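All remarks here apply to the structure that follows.
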Amino acid sequence: MNYRKIKEAVFIERPNRFIAKVIINGEPNTVHVKNTGRCKELLYEGVKVYLEDHGDVPTRKTRYSLVTVEKSHLQSGNGLRFVNIDSQAPNRVVAEALSNGDVHLPEFSRTLTQTRPETTCGDSRFDFYVEDDTGKKAYIEVKGVTLEDVGIARFPDAPTERGIKHIKGLRRALESGFSAFLIFVIQMKGVSALQPNDETHPAFGEALREAEKNGVIVLAYDCDVTQDSITIGNPVEVKL
């Protein structure tokens, strides 16, 4: 996926979950943050950030949305590492990848005959419902990951009771005869594995491991990220 217009800025502070103070062309500005997670290891004073420009949408309270951070103290083989923090991006990235075959669901045909977003099963609402050309059916939940620790991606970066609810819902979908997938979209390059962040939320890690033992398929992919784009990358090892 690509963003329409991108503006470079310098991050100053984050007064609350929803807004940040930045400097654009030497002038202070308030922008929307498209991620309610903590992101403390990314958003610190002086770091370079990239903003989506919504200047043609007059009803917005803020003209810009913060979508990408330059993790300048880490180097990858191709230069600086960019981290996308747009919490809406992972679903869009997975939708594109399911459509063009860049994400393959184990035990499913590569030909999906139906991909339906935001679908309810019981008392749970999942990011996708899919069917393949052999008649197999599945629910998919997607989680975006922005936390990286010495080359390991970790989720969550803050306690998430909602995440546990989704995992329990996937297990119930299995019991109803569907396949169930949890896909972690790591919104950066340069990680070797994904692990549950037991230090931050041990209950989430426990629920994830139990779900995997009972048949929920857990996948992780990194992403190719630039200042103004994000696309699905390569499979990443999941270490539970």
Self-check item: At R0 = 30 Å, FRET efficiency that the Cβ-Cβ distance of ASP123 and ARG17 yields, to 0.05
Solution: 0.70
Quiz prompt | Average accessible area per residue (Å²) across the chain - probe 1.4 Å, nucleic acids and ligands excluded | solution = 48 Å²
Quiz item: Quick one: with all protein chains in place, what share of the accessible area of the chain is carbon or sulfur, to the nearest percent (1.4 Å probe)?
Solution: 46 percent
Self-check item: Distant-in-sequence amide H partners of LYS34 (H built 1.01 Å from N, under 5 Å)
Solution: LEU66
Quiz item: In whole Hz, what ³J(HN,Hα) sequence does the range 53-70 give by Karplus (6.51, -1.76, 1.60; θ = phi - 60°), x for Gly and Pro?
Solution: 8, 10, x, 8, 10, x, 7, 6, 6, 10, 6, 10, 10, 7, 10, 9, 10, 8
Practice problem: Scan (i) 35, 23, 18; (ii) 24, 21, 18; (iii) 32, 19, 17 for the value of semi-axes √(5λ) of the Cα gyration tensor in Å calculated from this model and give just the label. | Solution: (iii)
Quiz prompt | Exposed GluC sites (Glu not before Pro) absent - longest run of the chain, DSSP non-H/G/I/E/B, at most 12 other C-beta within 10 Å | solution = 108-198
Practice problem: Grab the Cα-Cα distance for SER192 and LYS61, subtract it from 0.36 nm times how many residues apart they are, and report the gain in nm with one decimal. | Solution: 43.2 nm
Quiz item: Over the range 189-236, what is the relative contact order in whole percent, taking alpha-carbon pairs under 8 Å and six or more residues apart?
Solution: 35 percent
Exercise. Count charges around ARG162 for me, please; just the other residues with Cβ under 14 Å from its Cβ, Lys/Arg as +1, Asp/Glu as -1.
Key: -1
Quiz item: Just how far, in whole angstrom, is the range 169-240 from the range 94-164 if you go by their alpha carbon centroids?
Solution: 9 Å
Exercise. Pairs to check: LYS21/LYS168; LYS71/LYS136; LYS34/LYS137; LYS136/LYS213; LYS5/LYS189. Give those whose C-alpha atoms are more than 30 Å from each other in this structure.
Key: LYS21/LYS168; LYS71/LYS136; LYS34/LYS137
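The values are calculated or read from the model by the stated rules, or taken from the named source; none is laboratory data. This is a predicted model, so every value here is computed, not measured. As a convention, Cβ positions derive from the backbone with ideal geometry for all residues, glycine included, and neighbour counts pool all protein chains shown. Remember, those area values only see protein heavy atoms, side chains included, never the ligands or the DNA or RNA. Shrake-Rupley method; radii C 1.70, N 1.55, O 1.52, S 1.80 Å.
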